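Participant: Provided herewith is a single structure, encoded as structure tokens, for subsequent inquiry.
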Amino acid sequence: MEQNEGRTPVVLLACGSFNPITNMHLRMFELARDYLHETGNYKVVKGIISPVGDGYKKKGLIEAQHRVAMATLAVEGSDWVEVDPWESEQTEWVETAKVLRHHHEELLTVGQHKDEVDRAKVVKKRKRNTSQRDTSMQQIRCSSRDVPQLKLLCGADVLESFGVPNLWKQEDIAEIVGEFGVVCVTRAGSDAESFVYQSDLLWEHRRHIHIVKEWITNEISATKIRRALRRGQSVRYLVPRPVGEYIQSHALYSPQSEEKNASVVLAPLQRYTKD
Amino acid sequence: LCFLVFCFDYFRMWSEHLRPCVTMAYRGRVPLVLLACGSFNPITNQHMRLFELARDHMHQTGHYEVIGGIVSPVSDKYGKKGLVSATHRVAMTHLALRTSDWIRADSWESEQPQWITTVTTLRQHYNRLLNWHQSQVSLNDMSKVKKHNNKFPAARNRIDTPELKLLCGADFLETFKIPHLWREDHLEEIVSKFGLVCVSRGERDSGRFIHESDTLTRYKNNIFLVREWIQNEISSTEIRRAIQRGQSVKYLLPDSVIEYIKEHNLYTLENEQKYAD
């Protein structure tokens, strides 16, 4: 544990449809954690998977209840990644920046609780030794540093989508990269750096954007999984076994389910094109 | 005697394994077993994907019913750099296939005192398959005799002779290009007597290796090309590299195999140097 001293604790948050969750999503967490640990500056303490709500209105998006259930089954074998249904339970689509804020507040609440415990310790100490009074306030402030940093974990497609008109609010992008930070997992051949270079906003915050190269290429996108399922092809070893079994027993992903929201405009586009 | 006991075990295993397929009489299709040869050092999800892709493809031809898959790790005598002992490779393959209801590991090739050619392994498994088939046919005949009192011998439900095909991935295909690695008569026997099922990433690569060989071109009707649309490049080399660097390989191979590797301290730097010369 000594080697973790002085490292900044980090919580990784992945937002997305997870329709369904695949081994690629799970790999992203592993790659990001290895990368951050290798920098020597971070200690990844938790990973959170936050499936989007049904209000997102993406084509072929099946009910959140199923997507959360599958993600929960998928992380059964992981000792550090968990699923949080908060975002999926909101009736309206929630901006990613708001989801990050929500989880940041959650971390602060846990941190505050820790602070209270620390403060109690300090008070006890102060009673014993009055000369330490001056340092006590500093100690309280220091302990809030234990609150982990929250970073958005995503693929290069999300970084690229920052440039799509009306998909993101500019101030949200600024908040995501500026206040929180992004860990972007990208294929070894792709050029995520160029998305950063092409955007003045991303360039300004480039120090908060970690680009992780994935050397063992893996193209297990959820779109391809749904396509294989519709065609009756095997998806074994591409999604965790319990997820495959869940899909089969609930008969998810048919040509009909793919037509869901087919004529509906994506929630962010609806919201931002209006103003 | 040892051999007989072994054979008996083999038949029993196959019989148990294949019972549901036999009762279905293969839907009037040719029963097919797929055999994959290689180092499996270690076995990865990609190896198992090859089987799934090949089975889907062969079923879609409408002519075949895939009744089983065999993973046959090469013996230690192969002398490849970084090859851990066959005992470990076979054990990991067994663990990885524990959750499959149609693919299994076979240690016969790995137990041979000498390195043997792929065609020898194919012949061995084909003979076993034929013997098993014979026993099934006579079982079938006996039950028919009972049922119909042998009045309608013509009405017998014939069980087609099974076929065995060699399953190969992109890396295996590459070896066909290496001069003098494959004996021409062996290659001919493989494609004429057995057949190939090749999983590749693009029509171009796989079509080319057939085009560049007269033998393969002559038997191209017995070569099935399967396109892998969901690319997935989990090679054993990359797995070993990641393990040596202390990086996570979770979700690239089954958890049970990762645990085995940790427990036996495999793929360390010293191990990789083994056979380096």
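Participant: Is there a residue in segment A:22-42 that is more than 17 Å from B:GLN247 (Cα to Cα), open to solvent by less than 30 Å² (accessible area, probe 1.4 Å), part of a loop (DSSP other than H, G, I, E, B) and within 14 Å of another protein chain (Cβ to nearest Cβ)?
Facilitator: yes
Participant: Could you look through segment B:234-267, keep only residues that are among the polar types (S, T, N, Q) and in a helix (DSSP H, G or I), and pick out the one that is farthest from B:ARG55 (Cα to Cα)? Don't jump to the end; show me each part of the working.
Facilitator: At the first step, the residues of segment B:234-267 found to be among the polar types (S, T, N, Q) are B:235-237, B:244, B:247-248, B:256, B:265.
From what is left, the residues that are in a helix (DSSP H, G or I) are B:236-237, B:244, B:256.
Details: B:SER236: 22, B:THR237: 25, B:GLN244: 34, B:SER256: 24 Å.
Restricting to residues being among the polar types (S, T, N, Q) and in a helix (DSSP H, G or I), the top hit is B:GLN244.
Matching residues to (1) surrounded by 15 or more Cβ atoms within 10 Å (Cβ to Cβ); (2) part of a helix (DSSP H, G or I); (3) in contact (Cβ under 8 Å) with a residue 40 or more places away in the chain; (4) in contact with a strand residue (DSSP E or B) (Cβ under 9 Å, 6 or more places away or on another chain):
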site	(1), (2), (3), (4)
A:TRP168	yes, no, yes, no
A:VAL196	yes, yes, no, yes
A:LEU202	yes, yes, yes, yes
A:ILE220	yes, no, yes, yes
A:GLN233	yes, no, no, no
A:TYR253	yes, no, yes, no
A:LYS260	yes, no, yes, no
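Participant: Follow-up question, since we're still on this one. Suppose we filter A:VAL147, A:VAL177 for residues that are in contact with a Lys or Arg (Cβ under 9 Å, 6 or more places away or on another chain), at pLDDT 95 or above and more than 14 Å from chain B (Cβ to nearest Cβ); which single one remains? Give the derivation first.
Facilitator: Details: A:VAL147 fails: at pLDDT 95 or above.
Within the list A:VAL147, A:VAL177, the selection yields A:VAL177.
Participant: With B:LEU32, B:LEU50 as the choices, which residue is in contact with an Asp or Glu (Cβ under 7 Å, 6 or more places away or on another chain) and of a type in the set (A, V, I, L, M)? Steps first, please.
Facilitator: On the way: B:LEU50 fails: in contact with an Asp or Glu (Cβ under 7 Å, 6 or more places away or on another chain).
When all the criteria are applied, what remains is B:LEU32.
Participant: As an exercise: evaluate A:SER190 against (1) open to solvent by less than 30 Å² (accessible area, probe 1.4 Å); (2) closer than 22 Å to A:ARG33 by Cβ; (3) not in a strand (DSSP E or B) and give the number of the one condition it does not meet.
Facilitator: Condition (1) is where A:SER190 drops out.
Yes or no, residue by residue, for (1) open to solvent by less than 60 Å² (accessible area, probe 1.4 Å); (2) over 22 Å from the mean Cα position of the chain (by Cα):
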| position | (1), (2) |
| --- | --- |
| B:ASN221 | no, no |
| B:LEU225 | yes, no |
| B:TRP229 | no, no |
| B:SER236 | yes, no |
| B:GLN247 | no, yes |
| B:LEU252 | yes, no |
| B:GLU259 | no, yes |
| B:GLU263 | no, yes |
| B:LEU266 | yes, yes |
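Participant: Report yes if A:VAL45 is crowded, with 19+ Cβ neighbours inside 10 Å, aliphatic (A, V, I, L, M) and modelled with pLDDT of 95 or more, otherwise no. Reasoning before the result, please.
Facilitator: Details: crowded, with 19+ Cβ neighbours inside 10 Å: no; aliphatic (A, V, I, L, M): yes; modelled with pLDDT of 95 or more: yes.
Judged against the criteria, A:VAL45 is not a match.
Participant: Here's a follow-up. Name the residues in segment A:1-20 that are within 14 Å of chain B (Cβ to nearest Cβ) and more than 13 Å from the chain's Cα centre (by Cα), would you?
Facilitator: Hits for segment A:1-20 are A:GLN3, A:PRO20.
Participant: Further question on the same structure: What pairs can you find where one residue is in segment B:227-242 and within 7 Å of chain A (Cβ to nearest Cβ) and free of Cβ contacts under 8 Å to residues at least 12 places away in the same chain, the other is part of a helix (DSSP H, G or I) and open to solvent by 50 Å² or more (accessible area, probe 1.4 Å), and their Cβ atoms are less than 6 Å apart, with a gap of 6+ or different chains?
Facilitator: Hits for this filter: B:ILE230/A:LYS224.
Participant: If I ask for residues that are open to solvent by 30 Å² or more (accessible area, probe 1.4 Å) and either touching a residue at least 40 places away in the same chain (Cβ under 8 Å) or not charged (D, E, K, R) (or both), which ones from segment A:48-66 would you list? Steps first, please.
Facilitator: Let us first name the residues in segment A:48-66 that are open to solvent by 30 Å² or more (accessible area, probe 1.4 Å), namely A:54, A:56-59, A:63, A:65.
Answer for segment A:48-66, where residues must be open to solvent by 30 Å² or more (accessible area, probe 1.4 Å) and either touching a residue at least 40 places away in the same chain (Cβ under 8 Å) or not charged (D, E, K, R) (or both): A:TYR56, A:LYS57, A:LYS58, A:LYS59, A:GLN65.
Participant: Another question, if that's okay. Could you list all residues from segment A:70-82 that are open to solvent by 30 Å² or more (accessible area, probe 1.4 Å) and either more than 14 Å from chain B (Cβ to nearest Cβ) or more than 16 Å from A:LEU13 (Cα to Cα) (or both)? Reasoning before the result, please.
Facilitator: Taking segment A:70-82 first, the residues open to solvent by 30 Å² or more (accessible area, probe 1.4 Å) are A:72-73, A:76-77, A:79, A:82.
Across segment A:70-82, the qualifying residues are A:THR72, A:LEU73, A:GLU76, A:GLY77, A:GLU82.
Participant: Can you confirm whether A:ALA222 is under 19 Å from the mean Cα position of the chain (by Cα) and among the small types (Gly, Ala, Ser)? Explain how you work it out, then say what you get.
Facilitator: Details: under 19 Å from the mean Cα position of the chain (by Cα): yes; among the small types (Gly, Ala, Ser): yes.
It is true that A:ALA222 is under 19 Å from the mean Cα position of the chain (by Cα) and among the small types (Gly, Ala, Ser).
Participant: Could I ask something else about it? Could you grab the pairs with beta carbons closer than 7 Å, sequence gap of 6+ or different chains, first residue in segment A:236-248 and closer than 17 Å to B:GLN46 by Cβ and open to solvent by 60 Å² or more (accessible area, probe 1.4 Å), second one of a type outside the set (A, V, I, L, M) and in a loop (DSSP other than H, G, I, E, B)?
Facilitator: Pairs found: none.
Participant: Then there's this: Within segment A:182-237, take every residue that is among the basic types (Lys, Arg) and more than 11 Å from chain B (Cβ to nearest Cβ) and give me the one that is farthest from A:LEU61 (Cα to Cα). Outline the logic, then answer.
Facilitator: Just the residues of segment A:182-237 that are among the basic types (Lys, Arg), to begin with: A:187, A:206-207, A:213, A:224, A:226-227, A:230-231, A:236.
Next, only the ones that are more than 11 Å from chain B (Cβ to nearest Cβ) stay: A:206-207, A:213, A:226, A:230.
Values: A:ARG206: 32, A:ARG207: 34, A:LYS213: 29, A:ARG226: 11, A:ARG230: 14 Å.
Going through the qualifying residues, I end up with A:ARG207.
Participant: Any idea which of A:LYS224, A:LYS213 is open to solvent by 20 Å² or more (accessible area, probe 1.4 Å) and part of a strand (DSSP E or B)? Reasoning before the result, please.
Facilitator: Working: A:LYS224 fails: part of a strand (DSSP E or B).
Selected residue: A:LYS213, the only one of A:LYS224, A:LYS213 that is open to solvent by 20 Å² or more (accessible area, probe 1.4 Å) and part of a strand (DSSP E or B).
Participant: Does at least one position in segment A:243-263 carry a residue that is of a type outside the set (Phe, Trp, Tyr), in contact with a helix residue (DSSP H, G or I) (Cβ under 6 Å, 6 or more places away or on another chain) and under 20 Å from A:ASP157 (Cα atoms)?
Facilitator: No, segment A:243-263 has no match at all.
The values are calculated or read from the model by the stated rules, or taken from the named source; none is laboratory data. Just so it is clear, the structure is predicted and the values come from calculations on it, not from any experiment. Every residue, glycine among them, receives a Cβ derived from its backbone with ideal geometry; neighbour counts consider all protein chains shown. For the accessible areas, the whole protein counts, side chains as well, though only heavy atoms, and no ligand, DNA or RNA atoms are used. Shrake-Rupley method; radii C 1.70, N 1.55, O 1.52, S 1.80 Å.
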